[in-house]
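A short write-up of the structure that comes next.
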Amino acid sequence: MGRAELIILLSIVLVGASAFALETLDHETVRIVGIGACLLLISLMVVGMVYRGRVRRRRTLAARREGASDGATAS
């Protein structure tokens, strides 16, 4: 399961938990849990974007090194 599927699954679970909490808990507790869930999802998305950027940068640098070494051996 990829990261995107995991985030979607987590958000579905959080929505279900929020709906259950609305029925059983008071308004202030639901607000605190909702804010915490939103912050968790935002932090997961930021971590995913940073990781994706690092992987892309690493691949780009490796391709440049490969191209530079090919050019050096060819000339």
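Compute the long axis of helix 3-24 from its Cα atoms, compare it with the longest principal axis of the Cα atoms of the chain, and write down the angle in degrees, 0 to 90, nearest 10. It is inclined by approximately 10 degrees.
Taking volume of the Cα convex hull per residue in Å³ as calculated from this structure, the corresponding entry among (1) 211; (2) 100; (3) 58 is (3).
The value obtained for region 10-50, namely the Cα convex hull volume divided by the number of residues, is 40 Å³ per residue. Here the Gaussian network model covers the chain, with springs between Cα atoms less than 10 Å apart; of Ala21, Ala37, Ala63, Ala63 fluctuates the most. As I understand it, the value is the acute angle between the Cα axis of helix 27-74 and the longest principal axis of the Cα atoms of the chain; what does it come to in degrees, rounded to 10? With rounding to tens, the tilt is 10 degrees.
No lab work stands behind these numbers, since they all come straight from the coordinates. Predicted model, so just to flag it, every value in this text is computed and none were measured.
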